[in-house]
Amino acid sequence: MRTPPIESFGPELMAALLAGSKGEHKLQLPYRSAIKFRQRVYQLRRAIQDAKHPEAAAVAKTRVLIKWPESTATYTSKKKVSWPQDPKTICDVIIAPYDSEFSAALKASGIEAKELDDDVLQTPAPTPDPSALKGFEPQ
């Protein structure tokens, strides 16, 4: 399946991805809408990476979790994947950096991460597209 171009996504999704790379944000949606939201966010992230957009490194740090109340009746697949029986079940949709669930425990142990504006992993810059140099002659 071909990823839609970046221009086909609403600016709110880009804002959600960028906000999620820096901290946890929670919204509530019915389960069916939550699934569609997560799918669109991940499609946008893929489109950003494919386009080598300057924010690609930031949005790669974001994930979307869907949580429903523990009392919710669920179906379970053979692979032990569960989902609500009622697609209208109101769920918490959490947009957050990967590994953010460990933040409180790490902070309590005295380990704190730098602000995400810094590239703590020193991610290399994207490799330039060689076709952009076609016809270039060094002097």
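The values are calculated or read from the model by the stated rules, or taken from the named source; none is laboratory data. Quick caveat, the model's predicted, so the values are computed rather than measured. Reconstructed Cβ throughout: ideal geometry from the backbone, glycine too, with neighbour counts over all protein chains shown.
Only a single criterion out of (1) more than 11 Å from the chain's Cα centre (by Cα); (2) within 24 Å of I6 (Cβ to Cβ); (3) buried (at least 16 other Cβ atoms within 10 Å of the Cβ) is not satisfied by R45, namely (1).
Residues in the stretch 9-28 that are touching a residue at least 24 places away in the same chain (Cβ under 8 Å) and either within 27 Å of A104 (Cβ to Cβ) or exposed (fewer than 14 other Cβ atoms within 10 Å of the Cβ) (or both): 13 in all. Restricting Y42, Y31 to residues that are among the aromatic types (F, W, Y), more than 18 Å from E101 (Cβ to Cβ) and touching a residue at least 60 places away in the same chain (Cβ under 8 Å) narrows the list to Y31. When the stretch 66-89 is filtered for residues that are closer than 16 Å to H25 by Cα and of a type in the set (V, I, T), only I66 remains.
Do we have K88 as exposed (fewer than 12 other Cβ atoms within 10 Å of the Cβ), under 15 Å from the mean Cα position of the chain (by Cα) and either at pLDDT 90 or above or not acidic (D, E) (or both) here?
Details: exposed (fewer than 12 other Cβ atoms within 10 Å of the Cβ): yes; under 15 Å from the mean Cα position of the chain (by Cα): no; either at pLDDT 90 or above or not acidic (D, E) (or both): yes.
Judged against the criteria, K88 is not a match.
Scanning the stretch 56-85 for residues that are free of Cβ contacts under 8 Å to residues at least 40 places away in the same chain and over 11 Å from the mean Cα position of the chain (by Cα) yields a count of 18.
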